[in-house]
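I have placed the structure first, in the form of structure tokens, so that the comments after it can refer back to it.
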DNA sequence: CAGAATCCGGTCAGATACTG
DNA sequence: CAGTATCTGACCGGATTCTG
């Protein structure tokens, strides 16, 4: 391996997968929703709304749709009266667990650092 | 360990570190900037701008400031003519490597899945 | 219960131009 | 080179109301 300068072009290649991932998980809510679904295994709309603190019906609905399109979350309609809806994480969504764990761990350490300061 | 229902309140506790982390890395650019700085070790404003594709001076400047405040990035002014500025990732910023790696890995797998489909 | 519809302000962020 | 300044449209997302 010869030593040479790194270029923006090479860097872009390294960066692309990260950009792809960010595109999908972008925003304030998606990661939180997935985390909650991992926690509960399955979940109603109402429970999701109570668990993702601060989210509105509108946002929750919108984000769930986008997660469904990307096949990270699945929505099951059960034919009861009134209908029951269950949200569940898909195996593909499950594959983002490493991301959630990394975010979680960093947050725990961050909190230690911040609290240690004050 | 006794078996019992999970509650939104417990869930919130689990979610908090994730929320903390998201607060800091939120947005389209911060993760990308950190990734680039990890790649180069140190970096000028110009090189950063060329490497984070699509970012404007304004956004780059703003995001760098926020990253500095959170001590993820440091800015060194070298007294030359004209002055040289170097951006570098801090050890604390370095601690987010696991997050970047998780995002990168997921992006690589995601691309395989998407391309396999078309 | 599980959302859809509407209204609406704020801020985000892009384009462009400019500075020491 | 390393940013700042200004302008502007887009859209994010909150509050509220309504529905089957």
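Nothing in this text is a laboratory measurement; each read-out follows from the coordinates by a stated rule. Treat the numbers as computed from the prediction; the structure is a model and nothing was measured. Don't worry about glycine lacking a Cβ; one is built from the backbone with ideal geometry, like all the others, and counts go over all protein chains shown.
A few notes on this one:
- Angle between chain A longest axis and helix A:57-69 axis [Cα atoms, degrees, rounded to 10]: 70
- Helix axis angle, B:97-117 relative to chain B longest principal axis, alpha carbon, degrees: 70
- Angle of helix A:30-40 to the longest C-alpha principal axis of chain A, folded into 0 to 90 degrees and rounded to 10: 60°.
- Candidates A:52, A:108, A:36: whichever shows maximal mean-square fluctuation once chain A is modelled as a Gaussian network with Cα springs under 10 Å: A:108
- The label point for residue A:78 and the one for residue A:42, both projected 7 Å from the Cα toward the Cβ, are 0.5 nm apart.
- Peptide A:45-52 has a mean shielding of 3, counted as Cβ atoms of other protein chains within 10 Å of each residue's Cβ.
- Rounded to the nearest whole angstrom, the semi-axes of the ellipsoid equivalent to chain B, taken from the Cα gyration tensor as √(5λ), stand at 34, 21, 12, largest first.
- The residue in chain B that lies nearest, by its beta carbon, to the axis linking chain B with chain A is given here with the distance in whole angstrom as B:102, 2.
- Spacing of the modelled spin labels on residue A:85 and residue A:9, each 7 Å from Cα toward Cβ, amounts to 4.9 nm.
- Candidates B:42, B:66, B:50: whichever shows maximal mean-square fluctuation once chain B is modelled as a Gaussian network with Cα springs under 10 Å: B:50
- Fluctuation leader among B:79, B:41, B:98 - chain B, Gaussian network, Cα springs under 10 angstrom: B:79
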